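Here is the structure we will look at, set down as structure tokens.
The values are calculated or read from the model by the stated rules, or taken from the named source; none is laboratory data. Keep in mind it's a predicted model, so treat the numbers as computed, not measured. Cβ placement follows ideal geometry from the backbone for every residue including glycine, while neighbour counts extend to all protein chains displayed.
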Amino acid sequence: MRAFRYHRPADVAEAVAVLAAEPQAAYLGGGTNLVDLMKLGVQRPDVLVDVTRLPLDTVEELPDGGLRIGATVRNSDLAAHPVVRRDYPVLARALLAAASGQLRNMATTGGNLLQRTRCVYFQDTGKACNKREPGSGCAALHGQNRDLAVLDWSEQCVATHPSDLAVALAALDTVVEVHGSDGARDIPIADLYRSPGTHPERETTLARGALITAVRVPPLPAARRSTYLKVRDRASFAFAAGSVAAVLDLDGDVVRDVRLAYGAVAHRPWRAYRAEEELRGRPFSPELAARAADAELAEARPLRHNGFKLPLTRAITVRALTELASS
Amino acid sequence: MSTVGQAYPRLEGREKVTGTARYAVEYPVDGVTYGWAVPSTVVRGRITRVDTTPALASPGVLAVLHHGNAPRIAPGQQPELWLLQEPLVHYRGEYVAVVVATSLEAAREGARLVRIDYDAGPHSTVLTDDHPGLYKPDHVNPSYPTDTAEGDFDAGYAAAPVRVDATYRTPAYHNNPMEPHATTAQWRDGRLLVHDSNQGASSVQATLAELFELPPESVRVVAQHVGGGFGSKGYAKAAVVLAALAARHVDRPVKLALTRQQLFGPIGYRTPTIQRVRLAADTDGRLTAICHDAISQTSTIHEFAEQTAVYTRSMYAAPHRRTTHRLARLDVPTPFWMRAPGECPGAYALESAMDELAVAVGIDPVELRIRNDTDIDPDQGQPFTSRNLVACLRDGAQRFGWAGRDPSPRARRDGRWLIGTGVAGSSYPARARPSSATATARPDGSFLVRVNATDIGTGARTAIWQVAADALGVPPERVEIRIGDSALPTAPVAGGSMGTSSWSWAVIRAAEALREKLRDGGPPTDEVTAEADTAEEVGGQPTRPRYAYGAQFVEVRVDADTGEVRLNRMLGVFAAGRVVNPTTARSQLIGGMTMGLSMALHEEGLLDERYGDWVNHDLATYHITGCADVESIEAYWLDERDDELNPAGVKGIGEIGIVGAAAAVANAVHHATGVRIRELPIRLDKLVGVSGLA
């Protein structure tokens, strides 16, 4: 692997400055994805800027009732946080459905959002991948694509975003706090991720060198009734074959508000706005949930090996919402 | 009191859990360097140019070996090991160069910088049942006849009132021992010392001596602790040869370990299979005709013919029987041994077909197997030395709570879960190979037993130590056992479930010879040693059908909405001769059963024909069953005595646990859902959305 320098900045400003000065530098969080990719030659930074010692490791209750989660809060700590468990069960469940105990102890909040696709072609430098090497082609489009996208893919890329946490955060309308060389700004999570389009190598709207310092989860009392349902090929330690994050707010049996997001279907955590629209204002029933999922998936374009994601996503939508409705 | 049969903890357990047990590349060596294997990036072709300049310019890189500059070796008996000798590529991932550097990272970076140009040709890497290259090999692994026939299958099948005709498919399965193939190689004064991860140091010693044209005593192979092999380390493989070549080339010690990704292919794998099974029976379920046609693949370098249908030759009786094997020679790495080669995929097909027959006849699948039991081996025509299949089925059925099972599919439901149970038979040959050993009496009253056995994590070291203590007639604390070194008396590999039978045979004979020498009984004033070599005795043993048997019971639940399959419980009962150590035996059996579960539900090598290799080549994308998938697993064994096996009375337990396990799972899935999946693995994508499931 490529030799690299290791830098531990004193504060956020220094971290951002190093990235601005070093065109091939990368931030290092828990390293659970980046270090693998460096060994494989998929990512080849020459400087690692270790942000894990920055004072970004707290979960803060905000006056408005929301939460600010520091970028270096470890997945395990966040999942165990009493306020998260009480007010945002969807978050705790998404975190605990991911990876293994050891990995969750290392992985950070910010790093989790920016992890790379697990598409096997992306992870193998011997195979064509536009995301890894723009212009080289997408071997997955007509290759082994069982795990890949059914929504919003392009001829250039059919990768999925692998995070569970990001799906839950997308359902909660989370705001991502970012520091760049031009200062701090907020990015709604819906605007953080990009569709693959013709430039799948550009995965987010973050400017080069920008550092996620925290995520802010808005107050959402209804989220106390929320869940994350993940289906995978074995009982533990596997990426999702399908997943859904759901918040359901009922007024009697009428859906007052609902938040739905899907994992494992697209290049980004997929907020299911159309399904939400179908559900809102109507008396809840499993049949309504199924219709809502169908509306969301109407534009899906399954690849050769992943047509099963449509009935699967539909089934877990119905289950998640029905469980919330009856809880 | 007999030491054999007692649950002693592993002798090296403390070393292993405290991290002091050393594996092949963990020995400290002065001046050591690191090798990195460079795989080919084309499937088939000729190397036209190797540009080593950028790699050699990279910091820390000492050398790049390739066909143009590597030390010459003799063409041995295994063409796969004639590495870096010619500019030819036979499959994608074949090792075509080695980079040696002063650090592992520098070697890896150097490997990235080696530029190789190829003249690539067209390739064929996908096995199909109508592949134009299908042919009949001369024999199947290791030396079974390719085809067999008794009676008149076609007529018997046509005449029967009940028939099953089903084709089963299994994908490529990849051995993933925790410790990869890894070697530390050192040359000193023309002699070669390797610390190597293998299943038989004597065999690796012989192979290295042949390749490097050395007398065997100039090669020493040490394999004290081995982190698993499952057959893939059954003889010398690429890593040890590349390390030895590299060490000779740079004249310094070299450590070379394959990466996880590099294990998928070049070390061997279980071939994909396409198996057609036809069964015919009368209305009482008595088999009248059995046919098993197996198709698998081999490489263009070396023929390996998985003995897939051999299981069917001896398992159940019928007057009309036929088995065939056909191979396609593809541009792929050579398939090789993986836990119960032949029996494992073959039993999946036959024991699945038996379940289909039970449904067709309307007979309980345990009872169907009991009705078709036989004391005479249908293949050899001789009585089995012992056959306790029926006893395993009955005992297992009772322990599992099989009685009263409603045979109808989809009969049990618990909320969203459809629940089903399945059974399968299991058998594996009980064999032994010649071995040698020595036993030494010391003046202090202790004993030393030496045999070049290998403990690949099974507990073999402890088992032989227990056998030795009984054979010497002393408490085990007075016995020291040494294994895992080619400087010890020559012994066969840990493979084919015949390690313990073979090694213990020689150890017992050496102990007997020593006791003969020490007639007075007391400790000698000087060390006294006795040797034994069982070649003559093993070779002279009458040919008889000797098998271990088992019965596997499984309960699964299948999510009616998502198609997820989860294992509620798995229970196996085995008749495997004498059990030397219940603790390690249980580990072997449940390990095999778990691997069968993994085969049934999780593992699958996904080949991309365009690239000619498997695209899922790490443990994140090639799923192996994890602890959370095994909610309850139990293994039992019958108290079985068979005096026609070997002096220790053992049948071998390393492989039988996997045989039949996948069929039991698949049969349970059918019982739960009414859906018969005949292509493994049974993953949710094959069940979700299937009409009628929910």
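Some notes on this structure:
- Conditions (1) within 14 Å of chain B (Cβ to nearest Cβ); (2) surrounded by fewer than 22 Cβ atoms within 10 Å (Cβ to Cβ); number of the one not met by A:Ala190: (1)
- Scanning segment A:292-320 for residues that are more than 10 Å from chain B (Cβ to nearest Cβ), assigned to a loop (DSSP other than H, G, I, E, B) and within 21 Å of B:Lys686 (Cα to Cα) turns up A:Ala300, A:Arg301, A:Pro302, A:Leu303, A:Arg304.
- Test: residue in segment B:70-86 that is within 14 Å of chain A (Cβ to nearest Cβ), at pLDDT 95 or above and surrounded by 18 or more Cβ atoms within 10 Å (Cβ to Cβ): no
- Put simply, of B:Arg431, B:Arg416 the only residue that is over 18 Å from B:Asn646 (Cα atoms) and either crowded, with 19+ Cβ neighbours inside 10 Å or in contact (Cβ under 8 Å) with a residue 12 or more places away in the chain (or both) is B:Arg416.
- Any hit, segment B:295-312, residues being of a type in the set (A, V, I, L, M), in contact with a helix residue (DSSP H, G or I) (Cβ under 9 Å, 6 or more places away or on another chain) and surrounded by fewer than 24 Cβ atoms within 10 Å (Cβ to Cβ): yes
- The number of residues in segment B:637-681 that are within 14 Å of another protein chain (Cβ to nearest Cβ) and either closer than 23 Å to B:Gly550 by Cα or part of a helix (DSSP H, G or I) (or both) comes to 3.
- Top-ranked residue in segment B:103-142 [being under 21 Å from B:Leu56 (Cβ atoms) and in a loop (DSSP other than H, G, I, E, B); ranked as nearest to the other protein chains (Cβ to nearest Cβ)]: B:Ser103
- Scoring A:Lys230 on the criteria (1) outside the structural domain of A:Glu278 (by TED's automatic domain parsing); (2) touching a strand residue (DSSP E or B) at 6+ places or on another chain (Cβ under 8 Å) leaves a single failure, condition (1).
- Applying the condition of being buried (at least 24 other Cβ atoms within 10 Å of the Cβ) and in contact with a Leu (Cβ under 8 Å, 6 or more places away or on another chain) to segment B:565-579 and asking which residue is farthest from the other protein chains (Cβ to nearest Cβ) yields B:Gly577.
- Number of residues in segment A:162-195 that are outside any loop (DSSP other than H, G, I, E, B), over 21 Å from A:Ala98 (Cα atoms) and touching a Gly at 6+ places or on another chain (Cβ under 8 Å): the value is 1.
- Filter result for A:Val255 (farther than 23 Å from A:Val84 by Cα, away from chain B (no Cβ under 14 Å) and part of a strand (DSSP E or B)): yes
- A:Leu165 vs. criteria of a type in the set (A, V, I, L, M, F, W, C), more than 14 Å from every other protein chain (Cβ to nearest Cβ) and closer than 17 Å to A:His267 by Cβ: yes
- Test result for A:Thr198, among the β-branched types (Val, Ile, Thr), assigned to a loop (DSSP other than H, G, I, E, B) and either within 21 Å of A:Gln43 (Cβ to Cβ) or within 14 Å of chain B (Cβ to nearest Cβ) (or both): no
- Of all residues in segment B:580-617, those satisfying the criterion of being of a type in the set (D, E, K, R), more than 8 Å from chain A (Cβ to nearest Cβ) and not in a helix (DSSP H, G or I) are B:Glu603, B:Glu604, B:Glu609, B:Asp613.
- Looking only at segment A:144-162, residues that are closer than 29 Å to A:Ala214 by Cβ and within 14 Å of chain B (Cβ to nearest Cβ) come to 3 in all.
- Enumeration of residues in segment B:622-636 that are touching a residue at least 12 places away in the same chain (Cβ under 8 Å) and within 14 Å of chain A (Cβ to nearest Cβ): B:Tyr622, B:His623, B:Ile624, B:Thr625, B:Asp629, B:Val630, B:Glu631, B:Ser632, B:Ile633
- Only listed residue being in a loop (DSSP other than H, G, I, E, B) and within 14 Å of another protein chain (Cβ to nearest Cβ), chosen from A:Ala266, A:Ala289, A:Ala238: A:Ala238
- Odd one out for B:Ile116 among (1) surrounded by 21 or more Cβ atoms within 10 Å (Cβ to Cβ); (2) in contact (Cβ under 8 Å) with a residue 60 or more places away in the chain; (3) of a type outside the set (Asp, Glu): (1)
- Only residues that are more than 24 Å from B:Asp331 (Cβ to Cβ), away from chain A (no Cβ under 12 Å) and assigned to a strand (DSSP E or B) were counted across segment B:87-102, and they come to 2.
- Test: residue in segment B:308-317 that is among the aliphatic types (A, V, I, L, M), modelled with pLDDT of 95 or more, closer than 23 Å to B:Asn176 by Cα and assigned to a loop (DSSP other than H, G, I, E, B): no
- Counted residues, segment B:214-257 - those being among the aliphatic types (A, V, I, L, M), surrounded by fewer than 23 Cβ atoms within 10 Å (Cβ to Cβ) and in a loop (DSSP other than H, G, I, E, B): 1
- B:Gly190 in the same structural domain as B:Gln78 (by TED's automatic domain parsing), on the phi < 0 side of the Ramachandran plot and surrounded by fewer than 20 Cβ atoms within 10 Å (Cβ to Cβ): no
- Flag for A:Thr174 being surrounded by 15 or more Cβ atoms within 10 Å (Cβ to Cβ), among the polar types (S, T, N, Q) and at pLDDT 95 or above: yes
- Counting only residues that are more than 16 Å from the chain's Cα centre (by Cα) and either surrounded by 14 or more Cβ atoms within 10 Å (Cβ to Cβ) or β-branched (Val, Ile, Thr) (or both), segment A:201-212 holds 4 of them.
- Filter result for A:Asp124 (in a loop (DSSP other than H, G, I, E, B) and more than 11 Å from chain B (Cβ to nearest Cβ)): no
- A:Leu229 in a strand (DSSP E or B), modelled with pLDDT of 95 or more, over 27 Å from A:Thr52 (Cβ atoms) and within 14 Å of chain B (Cβ to nearest Cβ): yes
- Test: residue in segment B:146-157 that is out of contact with any strand residue (DSSP E or B) (no Cβ under 6 Å at 6 or more places or on another chain), closer than 30 Å to B:Glu351 by Cβ and not in a loop (DSSP other than H, G, I, E, B): yes
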